[in-house]
Amino acid sequence: MLGRQWQSRTAAGLVLSVALSATLEAQFVTREEALAAVFPDAEVEAERVFLTEDQMHRAAELAGGDPPSALVARYLAREGGAVVGRAYVETHVVRTKRESLLISLDASGTVRRIDVTAFLEPPEYVASERWLDQYAGRPLSQDLALGREIRPIAGGTLTAIAANGAVRRVLAIDHVLEADR
């Protein structure tokens, strides 16, 4: 009898866990939803950019970290033919699992908005929208760091480190690509 109760509770727990996981995954916006929200009047075009070795090293130096991947997923937002912003998909490992951020920039290359599009770590470690909002309006600088312009996340240190690194990489890549235009 005890074995049967345990099996029922285990099955119920599994169903609840799957339902909760589906609910938590559903809270993240898609790239298309995020792009439509940040660039509502723009035509958005997806492109893949392959960084040269030189561009990768320059971006790493600016970001203050390892060289980024050579393949960059970028979106250009245009209104009336003029570029009004760019957005980059940045996927990285937080602790042992991946997180994807869509980091949107204005035409001058400062952060406009950050959207979490996927977070595979436990949900209690995801960065809140409020925490991500502190990047809005910020360009790449030495002070764009945890404990300087950016507040850390209590209980989410690895998330904060990964997100800050992602923002710095995107801003550095954007700076290099725009300088080479």
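The values are calculated or read from the model by the stated rules, or taken from the named source; none is laboratory data. These figures come from a predicted structure and were not determined experimentally. Because the Cβ atoms are built from the backbone with ideal geometry, glycine has one as well, and the counts that use them run over all protein chains shown.
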Among the residues of the range 121-130, is any closer than 28 Å to ALA42 by Cβ, surrounded by 14 or more Cβ atoms within 10 Å (Cβ to Cβ) and either touching a His at 6+ places or on another chain (Cβ under 9 Å) or of a type outside the set (S, T, N, Q) (or both)? yes
For GLN27, work out the one condition from (1) modelled with pLDDT of 95 or more; (2) under 20 Å from the mean Cα position of the chain (by Cα); (3) more than 20 Å from GLU178 (Cα to Cα) it doesn't fulfil. (1)
What number of residues within the range 91-108 satisfy the criterion of being in contact (Cβ under 8 Å) with a residue 40 or more places away in the chain and surrounded by fewer than 18 Cβ atoms within 10 Å (Cβ to Cβ)? 3
Give the number of residues within the range 45-73 that are modelled with pLDDT of 95 or more, within 20 Å of LEU102 (Cβ to Cβ) and surrounded by 18 or more Cβ atoms within 10 Å (Cβ to Cβ). 4
Does ARG98 meet the test of being basic (Lys, Arg) and at pLDDT below 95? no
Counting only residues in the range 75-90 that are of a type in the set (D, E, K, R) and surrounded by 18 or more Cβ atoms within 10 Å (Cβ to Cβ), the one nearest to THR30 (Cα to Cα) is identified as GLU90
Residue among ASP143, ASP174 that is part of a loop (DSSP other than H, G, I, E, B), modelled with pLDDT of 95 or more and either crowded, with 21+ Cβ neighbours inside 10 Å or acidic (Asp, Glu) (or both): ASP143
Going by the conditions given, is ALA42 in contact with a strand residue (DSSP E or B) (Cβ under 7 Å, 6 or more places away or on another chain), of a type in the set (A, V, I, L, M, F, W, C) and closer than 20 Å to HIS175 by Cβ? no
